[in-house]
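In what follows, a single structure is set out as structure tokens and then discussed.
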Amino acid sequence: MKLYFVRHGESVFNSKGLYPGSGQDPSNQLNLTGIIQAFSLANSISHALIFNTYVSPLDRCVSTAVIITGGVEIQKFNIDNRLVEYCRSKSHEGKYYEEYIHTPKYLAWKKNYKTTPTKKYYSDGESYDEFTKRLDSFMYMLKEKNEDALIVTHRDVIRYFLKTKEDIPNCGLFTLEVESKFLSQDDLQHI
């Protein structure tokens, strides 16, 4: 089974250096660069994947998916809430990174979120454990279906699945080949 991950095109918040987060802010749409990125990527996406497209419900992902699949109706996508970005804190959304990256709470989160995965550093966010469990649940569902799929989502989601800390560029396309044998929930912890 091959999974094709695409990060959404550049959004208004991305271009301004604002934290987009997991919220549905109506002002955080694709900007002109993001639209151009999506059209550019559209030529390299196999049209066979159009009917196996999973998309984060956030507008920047849905808009990217519509463009790269050639205008397929949104109803034909599998909109999946498990694909939203990691939500460490809703209070950071729409703020400049410099506004919060030097605060003690953020620095504690940055240093410890993977070593204490069940701890919530912000009451309005999710723990790293909650984030990974929802993504593992999504992968489990894909493994059961055992079909190639296009997944339009966010940077931290793609980083988790690819097991990388590298930057994920807007409209970057990444392929992950997964064995077709059925995996249990325990097996998913080792992907």
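The values are calculated or read from the model by the stated rules, or taken from the named source; none is laboratory data. Bear in mind the structure is a predicted one, so any value in this text is a computation, not a measurement. FYI the Cβ positions are ideal-geometry reconstructions off the backbone, even for glycines, and counts take in every protein chain you see.
Some points to look at:
- Sole exception among (1) out of contact with any helix residue (DSSP H, G or I) (no Cβ under 7 Å at 6 or more places or on another chain); (2) within 28 Å of LYS133 (Cα to Cα); (3) outside any loop (DSSP other than H, G, I, E, B) for VAL62, by number: (1)
- Any hit, segment 82-102, residues being small (Gly, Ala, Ser), over 16 Å from PHE5 (Cβ atoms), touching a residue at least 40 places away in the same chain (Cβ under 8 Å) and touching an Asp or Glu at 6+ places or on another chain (Cβ under 9 Å): yes
- Checked against the criterion of being more than 13 Å from the chain's Cα centre (by Cα), surrounded by fewer than 17 Cβ atoms within 10 Å (Cβ to Cβ), at pLDDT below 85 and not in a helix (DSSP H, G or I), segment 48-58 contains not a single residue that satisfies it.
- Restricted to segment 1-60, and to residues there that are charged (D, E, K, R) and out of contact with any His (no Cβ under 7 Å at 6 or more places or on another chain), the residue that is farthest from GLU126 (Cα to Cα) is LYS2.
- Which listed residue, of GLY17, GLY94, is in contact with a Phe, Trp or Tyr (Cβ under 9 Å, 6 or more places away or on another chain), over 26 Å from MET141 (Cβ atoms) and exposed (fewer than 13 other Cβ atoms within 10 Å of the Cβ): GLY17
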